[in-house]
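Here the structure is laid out as structure tokens; the discussion comes afterwards.
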Amino acid sequence: MRQRGPACYLCPLVANIKSQIKRNRQNEKRRLRNKAARSEIKTRIKSSIRLVETEGLESDATVEALRTAVKRLDKAASKGIIHKNQAANRKSRLMKRIARATSEG
């Protein structure tokens, strides 16, 4: 019996069919693009929370950071990177956390 290597997206010699090779290439590009977008969303959310905790809601930088985080979430949902309900849940959680941080401080 012949041993086959792992069939994964990282292995370049998976497919023999031309269209499947192209599909694998496209999927890899999309995976990297989506990964970057998800990473940016996380970064924007973290930075906006950090700004709220340090400067409060009165700061222009804080308001702008919050607006950018929400905008990135909406854009990711519209492009199908994350589900629209997940975007809504993340925005809700973000606003709840900000409200809690401002009421405490």
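The values are calculated or read from the model by the stated rules, or taken from the named source; none is laboratory data. Note that the coordinates shown come from a computational prediction; the quantities given were computed from them, not determined experimentally. Glycine gets a Cβ as well: all are built from the backbone with ideal geometry, and neighbour counts include every protein chain shown.
Select from the range 59-85 the residues that are of a type in the set (Val, Ile, Thr) and assigned to a helix (DSSP H, G or I) and write down the one among them that is surrounded by the most Cβ atoms within 10 Å (Cβ to Cβ).
Within the range 59-85, the subset of a type in the set (Val, Ile, Thr) is 62-63, 68, 70, 81-82.
Add one more test, that the residue is assigned to a helix (DSSP H, G or I), and what stays is 62-63, 68, 70.
Working: Thr62: 22, Val63: 14, Thr68: 15, Val70: 18.
Per the criteria, the residue is Thr62.
What are the pairs with Cβ atoms under 8 angstrom where one residue, in the range 1-30, is surrounded by 10 or more Cβ atoms within 10 Å (Cβ to Cβ) and of a type in the set (A, V, I, L, M) and the other, located anywhere, is modelled with pLDDT of 80 or more and not in a helix (DSSP H, G or I)? Sequence gap at least six, or different chains.
Once the first residue is surrounded by 10 or more Cβ atoms within 10 Å (Cβ to Cβ) and of a type in the set (A, V, I, L, M) and sits in the range 1-30, its partners that are modelled with pLDDT of 80 or more and not in a helix (DSSP H, G or I) give Ile21/Ala15.
Could you tell me whether any residue of the range 47-58 is farther than 17 Å from Ala101 by Cα and either loosely packed, with under 15 Cβ neighbours inside 10 Å or at pLDDT below 95 (or both)?
Initial filter on the range 47-58 (farther than 17 Å from Ala101 by Cα): none.
Taking every residue of the range 47-58 in turn, none turns out to be farther than 17 Å from Ala101 by Cα and either loosely packed, with under 15 Cβ neighbours inside 10 Å or at pLDDT below 95 (or both).
Among the residues of the range 59-88, count how many are within 21 Å of Ala36 (Cβ to Cβ) and polar (S, T, N, Q).
3
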